[in-house]
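The values are calculated or read from the model by the stated rules, or taken from the named source; none is laboratory data. Only a predicted model underlies this, so the values are computations on that prediction, with no experimental measurement involved. Note: ideal-geometry Cβ built from the backbone for every residue, glycine included; neighbour counts use all protein chains shown.
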Amino acid sequence: MRIHGGDLPRAHLRAEAAKALHEAGFIERAITVAHEGMSVPGGDFQQQECGELWAELVTASGAKDAAAAASTVFDRWPTAANARRWEHATGGDWPTHREAAIERMRQKAWELIAYLLDAGDVARAWSEALLAAEEGRSLLAEQWDDLVARYAKIDPVAVLPVMAQLIDDRLVEANTRVYPGAVRRMRELRKAALAAGRPEFAGEYLAELRARYARRPALIAKMDAARV
C-alpha cells in the first residue's frame, strides 16, 4: 500500500495495488481495494479496469456473490468480455439473464456481435447485425467480414447483398488507397455468388458499379486488371 501511494487517490493506483495484494496472497484486501477503485477519481476507463478486476477476483475466490458482482460490472460496462464473465458466474441460470444482457449490449453493437459470435450463435449475430445496420449502429469492418464468412455456411445467398454493401461503403469517397481492398472484395463477391448459385447477382452488381464510377479511371483500371 505504501509503494502504490498510501491512500490510493486514483483508480489506476487502486488497480495496481489490488493486483499486488492478490499476488501477495491478501485476497480479501485485494477484492476490497479493486471494488473501491470503481468509485474513486481516474476516469471511466481506469474505473472499468478496477471493476473488471474486482469481478474477476470475486469469481476466482469462489464467493457466493460472484454472479452479483459480475452483473454489477456488466450493467455499468456492457462489453462482450463482461457478458462472458457474468455468464460464467451464473452457470445454469444464464438463460434467464441472456436476453437482458443482449438488450443491454445493443447500444454497443460491436460488443454484442463479438459476444454472440464467441458464443457460436451465428444466426442471432446475423439478425442483430442487420438490425444494427438498419438503426445506424455501426460495426467494425472486420466483424462484418467474420460474420459474412460464418453466415455464408448457413445461407450463402443472404450474405451477397451485405458483401455488396461492404464494397459500396469503401467506395463512398474517391480514394485510390481503398481501391485494392474494394477490388479484392469484388472478386470475393463473384466467387461467393457463383458458389451460391447466383452468379447473376455479382454480374449485375459489378456492371452497375462500372456505370456508377465510370469517371473514376483508376478504379475501372483495377477492375479491368482483376477481370471483375
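Figures for the structure shown
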| item | result |
| --- | --- |
| The range 134-149, residues that are hydrophobic (A, V, I, L, M, F, W, C) and under 12 Å from the mean Cα position of the chain (by Cα) | Leu139, Leu140, Ala141, Trp144, Leu147 |
| Of residues in the range 107-128 being of a type in the set (D, E, K, R) and within 24 Å of Met38 (Cβ to Cβ), the one surrounded by the most Cβ atoms within 10 Å (Cβ to Cβ) | Glu111 |
| Scope the range 69-106; condition of a type in the set (Ser, Thr, Tyr) and loosely packed, with under 13 Cβ neighbours inside 10 Å; matching residues | Thr96 |
| Qualifying residue in the range 155-167 (condition: among the polar types (S, T, N, Q) and outside any helix (DSSP H, G or I)) | no |
| Residue check for Gly62: under 17 Å from Arg85 (Cβ atoms) and modelled with pLDDT under 90 | yes |
| 2 or more residues of a type in the set (Ser, Thr, Tyr): qualifying helices (runs of 4 or more DSSP H) within the range 61-129 | 66-76 |
| Qualifying residue in the range 24-43 (condition: assigned by TED's automatic domain parsing to the domain that holds Trp86, of a type in the set (D, E, K, R), crowded, with 23+ Cβ neighbours inside 10 Å and in a helix (DSSP H, G or I)) | no |
